[in-house]
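Okay, structure first, notes after.
The values are calculated or read from the model by the stated rules, or taken from the named source; none is laboratory data. Everything quoted here is computed from the prediction, not taken from an experiment. Backbone-built Cβ (ideal geometry, glycine too); neighbour counts: all protein chains shown.
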Amino acid sequence: PHGYPKVIYVLQGSITFGLAEEGRQVTLKAGDHLELPAGTQHNAIVGENGVRCLEAHR
């Protein structure tokens, strides 16, 4: 987990985030975004065509 809030915005392709504490997965495609609060346990799997994304902390 990161010690800061994080925002991911997908420009191209796709990526799937596993959110362990919530017991769910979220797939992001171009134009989608996800906000992760500080300390969120997560993992990520890049889609078969790759991904291009912007990541920033709030």
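A Cβ distance below 9 Å, combined with a sequence gap of six or more or placement on separate chains, defines the contacts here; from the stretch 3-17, residues that are closer than 19 Å to Lys29 by Cβ reach residues that are acidic (Asp, Glu) and outside any strand (DSSP E or B) in the pairs Ile8/Asp32; Tyr9/Asp32; Val10/Asp32; Ser14/Asp32. Selection within the stretch 36-58: residues that are under 13 Å from Val10 (Cβ atoms) and of a type in the set (D, E, K, R). The member of this set that is modelled with the highest pLDDT is Arg52. Number of residues in the stretch 18-47 that are among the hydrophobic types (A, V, I, L, M, F, W, C) and in contact (Cβ under 8 Å) with a residue 40 or more places away in the chain: the value is 0.
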